[in-house]
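Here is the structure we will look at, set down as structure tokens.
The values are calculated or read from the model by the stated rules, or taken from the named source; none is laboratory data. Not measured: the values here are computed from a predicted model. Reconstructed Cβ throughout: ideal geometry from the backbone, glycine too, with neighbour counts over all protein chains shown. Note: areas computed on protein heavy atoms with side chains; ligands, DNA, RNA excluded. Shrake-Rupley method; radii C 1.70, N 1.55, O 1.52, S 1.80 Å.
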Amino acid sequence: QNSIKVSNQPAQSLRANLLRAWQSFDQAYIDTCLRKEDFKPVLLALCCFHALINGRRKFGFIGWSCSNIYGFTMGDLAQCAAVSINMLNVRTGARREESVPFADLKYIFGEIMYGGHITDKWDRRCNCTYLETLVIPELYTEGFELFPGFTTLLKGNYQEYLDHIDYNLPPETPTGFGLHPNADISYLNNECFSLFRQLMELSGGGGGAGGASKDEIIAKMVVDFLERLPENYNLFDIKDRIGDPKNLTPYLIVMNQECEKMNILLSTIRKSLGDLQLGLQGALNISEAMDKMMTSMFMDQIPAMWEKQAWRTLKTLPVWFVDVLERCTMFKDWSDSLKMPASLWLSGCSNPMAFVTAVMQVTARAYTWALDEVETFTDITTMDWDLAEGQPEEGAYVHGIYIEGARWDREAGELRDSFLRELAPQMPIIHLKAIPAKERRLDGYYDCPVYYVSQRGGGNPPGSYVFFGQLKTSEPTVNTLYGVYQYKWVLAGVGMLLQIE
């Protein structure tokens with residue numbers, strides 16, 4: 001049963017990936033194409049594409065939403081190169097005046113060969129956007145940049161192209177991938193956190209000599225948590241105050257669902273902490289579940305039995321517990337008054353998509369629209385999170401949203417490049433509405449995915465994608481199968497987050 005696994009993984013650096021991609025071919029292979037002068041720039045662009053989408057993985061979820069599952073191989077590159085040769089070879093003889101079939105090549109590369117690995121819509125959009133900026137007629141223009149600082153080469157043999165890559169490739173930066181320099185900060189932070197988390201797990205999170213023991217630390221945490229833990233919601237009282245079932249609006253249904261879920265979580269926390277307290281006092285035997293809970297609490301991790309009843313989060317235990325208390329306060333106020341807050345803390349909902357759907361339901365009922373023909377519509381206000389005085393007549397004000405990969409310029413009312421070291425700035429209050437899909441804005445906007453946590457990808461649960469909003473941009477936009485967007489913001493990985501760590 002012993003074995004040795006031999007794997008051939010792509011390198012992380014752009015230079016290594018690009019050199020490896022080009023060196024997988026040779027002059028003899030290029031000579032098989034009857035239109036060599038047309039083929040070589042296309043092959044160089046294809047190698048750049050292969051290097052970019054593989055190198056982008058190191059930036060994590062801002063690089064690819066599902067970066068951990070994609071395997072773009074040299075086989076994909078070889079097949080795409082073969083397709084390019086076949087398409088150019090048939091365009092000889094009587095068809096020699098025909099231009100390079102860029103649209104066909106982009107479709108085969110982006111949707112079939114490489115796109116066949118991609119499961120996420122927003123990742124597929126990013127994949128195709130690289131091709132829309134690389135495999136285009138401008139490829140045959142002298143000085144055309146395949147990515148910032150690296151130009152195409154129109155003439156030369158195989159070795160000259162290799163030398164061009166080796167000597168003219170600029171130093172690697174996130175901007176080469178279309179990302180903001182902040183992406184490098186995020187990458188280094190993630191590497192650092194991952195390293196120290198592993199060190200803590202290996203060491204058991206032990207403290208220095210002379211400090212409080214593990215049991216003493218946990219005993220204090222248990223007392224602190226139990227003192228701050230609020231009482232469960234009285235669901236029967238809430239139901240009585242709502243009265244007639246006709247008064248039960250979609251918004252109140254969301255509030256009821258959140259209170260029910262919070263009751264389950266509060267009961268779980270209260271019981272487990274009570275049992276653990278008795279165990280630490282010697283009144284109960286420490287079970288395996290208690291031992292795991294103690295280990296998690298000692299390392300500032302959320303115990304598995306709590307997380308199972310809660311919501312997806314990447315927060316540490318102390319921060320998460322404060323988050324629980326703030327959610328309890330919001331839903332307590334809402335359930336007492338039966339009036340939605342002036343601006344709803346959207347990320348405070350364990351199921352934010354339920355509230356988004358409620359907005360669409362209320363609007364669709366008011367205008368007698370079919371619900372499946374309605375979609376979200378976002379207007380970004382200039383108000384800070386605590387400045388809303390009341391909900392609008394139509395739709396809802398929501399807050400608690402951050403933006404990653406770019407920033408929102410309140411004065412200009414549009415997307416702009418991030419400031420350095422400002423990784424996830426706050427968005428102002430957002431006016432969330434619903435409109436018929438046929439009235440969707442088709443120009444001057446960027447379809448921006450909204451994720452529950454920074455681990456992007458997929459829908460809830462277990463994924464993170466909630467809905468998409470439209471953010472205004474002065475950059476030229478396109479309208480394709482993947483919606484309305486601008487290449488710059490797609491390559492920068494711009495997305496909104498309901499939680500930050």
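Residue by residue through segment 307-350, note down the ones that are assigned to a loop (DSSP other than H, G, I, E, B) and of a type outside the set (S, T, N, Q).
Narrowing segment 307-350 to residues assigned to a loop (DSSP other than H, G, I, E, B): 310-316, 338-343, 349-350.
Within segment 307-350, Ala310, Trp311, Arg312, Leu314, Lys315, Leu338, Lys339, Met340, Pro341, Ala342, Cys349 meet the criteria.
Looking at (1) without any contact (Cβ under 8 Å) to a residue 24 or more places away in the chain; (2) assigned to a helix (DSSP H, G or I), which is the one condition that is false for Val362?
The number of the failed condition is (1).
Kindly list the number of the only condition in (1) part of a helix (DSSP H, G or I); (2) farther than 14 Å from His50 by Cβ; (3) in contact (Cβ under 8 Å) with a residue 60 or more places away in the chain that fails for Ala94.
(3)
Of all residues in segment 301-318 being surrounded by 15 or more Cβ atoms within 10 Å (Cβ to Cβ) and of a type in the set (D, E, K, R), which is farthest from Ile218 (Cα to Cα)?
Only one residue tops the list, namely Arg312.
Would you confirm whether any residue within segment 80-87 is open to solvent by less than 40 Å² (accessible area, probe 1.4 Å), part of a helix (DSSP H, G or I), touching a Phe, Trp or Tyr at 6+ places or on another chain (Cβ under 6 Å) and without any contact (Cβ under 8 Å) to a residue 40 or more places away in the chain? Quick ask: steps written out before the conclusion?
Within segment 80-87, the subset open to solvent by less than 40 Å² (accessible area, probe 1.4 Å) is 80-85, 87.
When the remaining residues are screened for being part of a helix (DSSP H, G or I), the result is 80-85, 87.
From what's left, touching a Phe, Trp or Tyr at 6+ places or on another chain (Cβ under 6 Å): 80.
Narrowing further to those that are without any contact (Cβ under 8 Å) to a residue 40 or more places away in the chain: 80.
Yes: segment 80-87 contains one or more residues that are open to solvent by less than 40 Å² (accessible area, probe 1.4 Å), part of a helix (DSSP H, G or I), touching a Phe, Trp or Tyr at 6+ places or on another chain (Cβ under 6 Å) and without any contact (Cβ under 8 Å) to a residue 40 or more places away in the chain.
Condition (residue is assigned to a helix (DSSP H, G or I) and free of Cβ contacts under 8 Å to residues at least 24 places away in the same chain) applied to segment 139-153: is it met by at least one residue?
Of segment 139-153, the ones assigned to a helix (DSSP H, G or I) are 139-140.
After this cut, where a residue has to be free of Cβ contacts under 8 Å to residues at least 24 places away in the same chain as well, the list is none.
No.
Cβ-Cβ under 7 Å, sequence separation 6+ or interchain: first residue in segment 161-181 and farther than 13 Å from Ala51 by Cβ, partner of a type in the set (Asp, Glu) and outside any helix (DSSP H, G or I). Which pairs?
His180/Asp417
Is it true that some residue in segment 183-203 is surrounded by 13 or more Cβ atoms within 10 Å (Cβ to Cβ) and under 30 Å from Phe331 (Cα atoms)?
Within segment 183-203 (the criterion being surrounded by 13 or more Cβ atoms within 10 Å (Cβ to Cβ) and under 30 Å from Phe331 (Cα atoms)), the answer is no, since none of the residues qualifies.
Those residues that are assigned to a loop (DSSP other than H, G, I, E, B) and modelled with pLDDT of 90 or more, I need them from segment 434-451; list them, please.
Asp443, Gly444
Between residues in segment 478-496 that are farther than 19 Å from Leu432 by Cα and residues that are at pLDDT below 90 and surrounded by fewer than 19 Cβ atoms within 10 Å (Cβ to Cβ), which pairs lie under 6 Å by C-beta distance while being six or more apart or on different chains?
Close Cβ pairs (under 6 Å, with a partner that is at pLDDT below 90 and surrounded by fewer than 19 Cβ atoms within 10 Å (Cβ to Cβ)) amount to Asn479/Leu442.
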